[in-house]
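Everything below concerns the one structure shown next.
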Amino acid sequence: MTRKTTNKGLDIADKNFKKLSIQVSLNGLSFCVADTVSNKVTKADSKLFHEEHNPMTLLKALEKLFHEHTLDQGTFDEVVVIHSNTLFGLVPKPLFNKDELANYLKFNTKVLASDVLAYDELENLDIVNVYVPYMNINNYIYDIFGEFTYMHNGTVLIQSLLNNYGNHKEAVCYVHVGKKQMDVTVIKQKKLLLYNSFLYETKEDFVYYLLFVLEQLELDTDAVSVKLFGTIEEDDEVYQLCYSYVQNLSIFAPSSPHHLDLGEPETESIDFTLINAI
């Protein structure tokens with residue numbers, strides 16, 4: 001994936017081989033720190049909000065999280081920020097023009113005149129992900145660390161699933177489950193058939209969007225493999241209701257990338273996109 005970097009300058013002598021990955025959304029925050037020499041996660045935490053934040057209160061929550069873990073006093077060789085939201089659109093690369101970003105989003109996303117738009121180019125795919133990042137978060141990260149990279153969570157999901165888990169003859173529907181947001185990726189024979197993200201409130205909403213995707217792609221609910229992962233377990237109400245409609249349903253347990261040691265048990269549940277951005 002092509003990563004955009006905001007660069008303030010970094011002396012090579014300052015390298016300490018630690019990477020900080022941060023995911024921000026209006027429903028929660030998470031981060032992890034990895035030592036790239038020992039290939040081990042050394043610190044991680046996540047916060048889920050009781051109510052959806054706005055970008056300003058999201059920043060305050062991030063500041064509090066940073067102070068709590070003294071991240072704002074740390075030095076990192078690389079910092080990655082993942083913006084998780086539904087403010088995006090996938091564009092075929094042959095049709096992409098970087099001067100037309102707003103036009104790609106205006107039909108399915110409310111874009112304000114003050115919004116700064118960004119895009120990620122997906123490696124080995126003729127696809128560009130155009131999206132709205134939280135620029136106040138980017139500015140805060142820049143003020144603390146200087147050089148950093150940012151991208152959309154959909155970019156990480158698509159690229160990671162295609163690179164590591166998508167080699168199936170038949171279509172596989174992967175659903176990344178977050179709080180009030182579900183990201184659906186459908187892959188067949190290393191090809192992306194669909195990626196979309198939906199906001200949901202109830203388990204019925206969740207199943208509706210899942211069945212809608214399968215119907216649009218003409219995938220048989222009695223045959224297609226649907227793999228749920230993220231904040232989901234087999235005894236959850238969401239899973240149980242999905243199982244009423246989808247026969248080949250399972251919990252997907254992704255392996256950590258590059259044999260990364262997730263360390264203590266409390267860090268083993270690190271978000272998929274967060275850990276794959278390391």
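Show the residue pairs meeting these rules: Cβ distance below 8 Å; 6+ apart or different chains; first residue within the range 99-123 and within 13 Å of Met135 (Cβ to Cβ); second residue assigned to a strand (DSSP E or B) and at pLDDT 95 or above.
Cβ pairs passing all conditions: Leu117/Val130; Leu117/Tyr131; Ala118/Val130; Ala118/Tyr131; Ala118/Tyr150; Ala118/His152.
Just for the range 194-243: of the residues that are among the hydroxyl-bearing types (Ser, Thr, Tyr) and without any contact (Cβ under 8 Å) to a residue 40 or more places away in the chain, which one is surrounded by the fewest Cβ atoms within 10 Å (Cβ to Cβ)?
Thr202
If a residue has to be of a type in the set (D, E, K, R), over 22 Å from Tyr142 (Cβ atoms) and open to solvent by 40 Å² or more (accessible area, probe 1.4 Å) to count, how many in the range 18-44 make the cut?
So the answer is 1.
Out of Thr86, Thr75, I need the residue that is closer than 21 Å to Leu193 by Cα, assigned to a loop (DSSP other than H, G, I, E, B) and touching a residue at least 24 places away in the same chain (Cβ under 8 Å). Which one?
After applying the criteria, what remains is Thr86.
Would you mention how many residues in the range 244-259 are assigned to a helix (DSSP H, G or I) and either modelled with pLDDT of 95 or more or open to solvent by 30 Å² or more (accessible area, probe 1.4 Å) (or both)?
4
Can you tell me which condition Ile144 does not meet? The list is (1) more than 30 Å from Tyr239 (Cα to Cα); (2) aliphatic (A, V, I, L, M); (3) surrounded by 20 or more Cβ atoms within 10 Å (Cβ to Cβ), and all the others hold.
(3)
The values are calculated or read from the model by the stated rules, or taken from the named source; none is laboratory data. These figures come from a predicted structure and were not determined experimentally. Virtual Cβ from ideal backbone geometry, glycine too; neighbours counted across all protein chains shown. These accessible areas exclude ligands, DNA and RNA; they are computed on the full protein's heavy atoms, side chains included. Shrake-Rupley method; radii C 1.70, N 1.55, O 1.52, S 1.80 Å.
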